[in-house]
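The values are calculated or read from the model by the stated rules, or taken from the named source; none is laboratory data. Keep in mind that this is a model prediction, so the values were computed, not measured. Note that each Cβ is placed from the backbone with ideal geometry, even for glycine, and that neighbours are counted across all protein chains shown. We work out accessible area using only protein heavy atoms, side chains counted, and drop any ligands, DNA or RNA first. Shrake-Rupley method; radii C 1.70, N 1.55, O 1.52, S 1.80 Å.
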Amino acid sequence: MRTSFVLCFFALIAIIGGKGIAQQALTGNVIFIHPDGSGASMWGALRLLEQGPDGMLHWDRMERLGLYRGHQRNSAGSTSHAGATTHAFGVKVDYDTFGHVPEKPVTTPTGRTVSIMTEAIERGIVTGLINSGHLAEPGTAVFVAGAFDRASTDTITAKLLAGGVDVIMGGGENLLLPAGQRGRHGGEGVRKDGRNLIEEARAAGYTVIFTRDELLALPDGVEKLLGVFAAKHTFNDMSEEELKAKGLPLYQPDAPTVAEMTAATLNIFQKMGKQFILVVEEEGSDNFANDNNAIGALTALSRANEAIGVALEYIARHPETLLLTAADSDAGGMEVYSVRAAEEFDAPLPTVTDNGSPLDGMGGTATLPFTAAPDAFGTRLRFGIAWACEEDVMGAIVARAHGLNAEHLPASVDNTEIYRLMYRTLFGKE
């Protein structure tokens with residue numbers, strides 16, 4: 001009897017102690033970088049190209065890795081807007097969901113109908129959204145804006161700029177201007193409601209900028225910032241052949257990279273001296289892959305990797321910060337195609353593989369293979385890029401974590417757990 005009492009006593013102490021630990025979870029800042037559409041093979045191809053097979057990307061230097069399971073409530077794979085909704089709300093949704101709206105309610109694990117970023121704003125936490133695509137792209141917009149349809153860009157951008165986010169940067173000037181009004185980047189507005197959201201943002205206290213030079217020359221003291229760096233996306237998402245025919249670059253030359261936007265935002269947040277959450281999306285890795293543009297997708301992923309490097313450097317100085325990365329799909333199903341015979345090194349690749357998959361070299365179809373950076377012995381391998389399709393597929397997706405609470409990233413990561421780890425870090429609760 002006495003033994004049973006003692007065992008029960010210590011069991012009770014363990015339970016109470018366990019609850020105490022959960023309630024006192026370490027809290028700090030969150031940086032979530034979303035290299036859209038980037039499966040494990042895309043990262044492998046980028047490593048080959050930039051660092052060689054034995055080298056290390058910034059992405060490789062993150063502490064924790066887990067295989068990402070991205071299925072949704074009614075789909076084996078995900079869409080960009082459903083994936084973003086899961087990251088922002090912590091639950092699986094139908095594949096056509098864009099955040100919470102009364103017609104399509106989304107309730108978080110805490111029983112609320114607001115995203116993690118909206119909840120952070122309610123608690124006085126500083127917030128930022130960065131996208132290389134236009135501002136209505138779901139990977140960032142869903143964190144404060146809901147819509148019945150992702151094509152409802154008038155609604156999405158209006159909610160985004162009214163949502164209380166401190167720093168917002170991306171493309172999409174056309175989506176902020178009334179129909180017919182020409183913007184700073186030369187495009188015409190498309191808003192049907194007649195509103196000029198850029199002027200409304202200025203009236204609300206935002207400093208508005210339009211180029212990389214203006215971003216790099218920001219004066220001290222700016223705490224509310226709207227950066228609008230292109231008429232649509234900051235990149236031209238077309239195939240290699242179409243870009244060449246039109247004489248267009250991969251990215252707009254006057255637009256900052258996501259790494260530059262991330263560095264500027266972290267500088268602002270550091271001076272503010274408050275807890276923050278920053279969500280960054282490199283959209284080009286998805287859109288170029290959907291066009292089966294290999295060099296475009298790898299260039300975009302390289303830019304995401306640079307942003308990860310900026311975040312790692314920040315964490316080295318501010319260890320009270322969690323860095324998370326994850327895609328929600330494997331755009332195009334990219335795979336590395338090995339070129340082994342030396343006599344094939346200087347010959348254009350075939351247009352397709354043996355089973356008919358489209359094949360890209362450095363300049364697109366029927367061009368020379370990519371040359372990898374040297375391996376540990378100085379050998380430079382050759383490779384092409386084979387494509388499974390043009391759509392977003394489930395693929396082999398990887399989530400990574402670094403810094404504060406990174407050890408809580410599981411080896412098998414359900415897409416809902418991205419929200420849970422961010423929530424734990426921001427608010428100190430499971």
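Here is how the numbers come out for the structure above:
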quantity	calculated
Every residue from the stretch 223-237 that is over 15 Å from Met261 (Cα atoms) and open to solvent by 40 Å² or more (accessible area, probe 1.4 Å)	Lys232, Asp237
Residue list for the stretch 374-398, restricted to those being in contact with an Asp or Glu (Cβ under 8 Å, 6 or more places away or on another chain) and part of a strand (DSSP E or B)	Arg382, Gly384, Ile385, Ala386, Asp392, Val393, Ile397
Asp286 being at pLDDT 95 or above and open to solvent by 60 Å² or more (accessible area, probe 1.4 Å)	no
Residues (of a type in the set (D, E, K, R), open to solvent by 10 Å² or more (accessible area, probe 1.4 Å) and closer than 20 Å to Asp237 by Cα) located in the stretch 163-200	Glu188
Condition check for Asp375: surrounded by fewer than 18 Cβ atoms within 10 Å (Cβ to Cβ), modelled with pLDDT of 95 or more, in contact with a Gly (Cβ under 6 Å, 6 or more places away or on another chain) and among the charged types (D, E, K, R)	yes
Subset of the stretch 399-430 (residues that are part of a helix (DSSP H, G or I) and open to solvent by less than 30 Å² (accessible area, probe 1.4 Å))	Ala406, Thr416, Ile418, Tyr419, Leu421, Met422, Tyr423, Thr425, Leu426, Phe427
In the stretch 354-364, the residues that are open to solvent by less than 70 Å² (accessible area, probe 1.4 Å) and either in contact with an Asp or Glu (Cβ under 7 Å, 6 or more places away or on another chain) or over 23 Å from Lys244 (Cβ atoms) (or both)	Gly356, Gly363, Gly364
Residue, nearest to Ile130 (Cα to Cα), within the stretch 311-328, restricted to residues that are over 16 Å from the mean Cα position of the chain (by Cα) and of a type in the set (A, V, I, L, M, F, W, C)	Ile315
Count of residues meeting criterion [surrounded by 24 or more Cβ atoms within 10 Å (Cβ to Cβ), among the hydroxyl-bearing types (Ser, Thr, Tyr) and over 16 Å from Glu281 (Cβ atoms)] in the stretch 69-109	1
Condition broken by Leu48, with the remaining ones in (1) in contact with a helix residue (DSSP H, G or I) (Cβ under 9 Å, 6 or more places away or on another chain); (2) open to solvent by 20 Å² or more (accessible area, probe 1.4 Å); (3) not in a strand (DSSP E or B) satisfied	(1)
Matching entry among Lys244, Lys224, Lys274, Lys232 (being basic (Lys, Arg), touching a residue at least 12 places away in the same chain (Cβ under 8 Å) and touching a His at 6+ places or on another chain (Cβ under 7 Å))	Lys232
Residues of the stretch 334-350 classified as open to solvent by 10 Å² or more (accessible area, probe 1.4 Å) and within 31 Å of the chain's Cα centre (by Cα), total	4
Qualifying residue in the stretch 158-180 (condition: under 27 Å from Arg202 (Cβ atoms) and either modelled with pLDDT under 95 or among the aromatic types (Phe, Trp, Tyr) (or both))	yes
